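Before any comments, here is the structure.
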Amino acid sequence: PLPHSPSPPPSATRAVPSKGVLLGIDYGTVRHGLAVTDPDRIIASPLDTYARRSEALDGPHLARVAADNRAVGIVVG
């Protein structure tokens, strides 16, 4: 990591399988964009736009989306 970068939490250092759907979150100030990859991670497709209700991500909603899409990992960017 860069000298200025915070260390990732221990749960973030677990290995993500090399194949399987990833849930992408484009974290915005007004909305969050959600996308999913195909299992081979060749193409990402838009999934949903989620309006923010607070400063924090809505964990239960994202957990449902991840489970519904059988995501093996989450990418935030």
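The values are calculated or read from the model by the stated rules, or taken from the named source; none is laboratory data. Here the structure is a predicted model, which means the values were calculated and not measured. Methodologically, a virtual Cβ is constructed for each residue, glycine included, from the backbone with ideal geometry; neighbour enumeration extends over all protein chains shown. The protein model used for the area step is the full one, side chains on, heavy atoms only, and it has no ligands, DNA or RNA in it. Shrake-Rupley method; radii C 1.70, N 1.55, O 1.52, S 1.80 Å.
So here's what we get for this one:
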{"read-out": "Failed item, numbered, when G20 is tested on (1) at pLDDT 95 or above; (2) open to solvent by 60 Å² or more (accessible area, probe 1.4 Å)", "value": "(2)"}
{"read-out": "R41 vs. criteria under 14 Å from G73 (Cβ atoms) and either basic (K, R) or assigned to a loop (DSSP other than H, G, I, E, B) (or both)", "value": "yes"}
{"read-out": "Odd one out for L57, checked against (1) of a type outside the set (D, E, K, R); (2) closer than 23 Å to A15 by Cα; (3) more than 12 Å from the chain's Cα centre (by Cα)", "value": "(3)"}
{"read-out": "Close pairs (6 angstrom Cβ cut-off, 6 or more residues apart or separate chains): of a type in the set (S, T, N, Q) in the stretch 65-77, in a strand (DSSP E or B) anywhere", "value": "N69/V21; N69/V36"}
{"read-out": "Of all residues in the stretch 30-77 being over 18 Å from P17 (Cβ atoms) and hydroxyl-bearing (S, T, Y), the one that is most open to solvent (accessible area, probe 1.4 Å)", "value": "T49"}
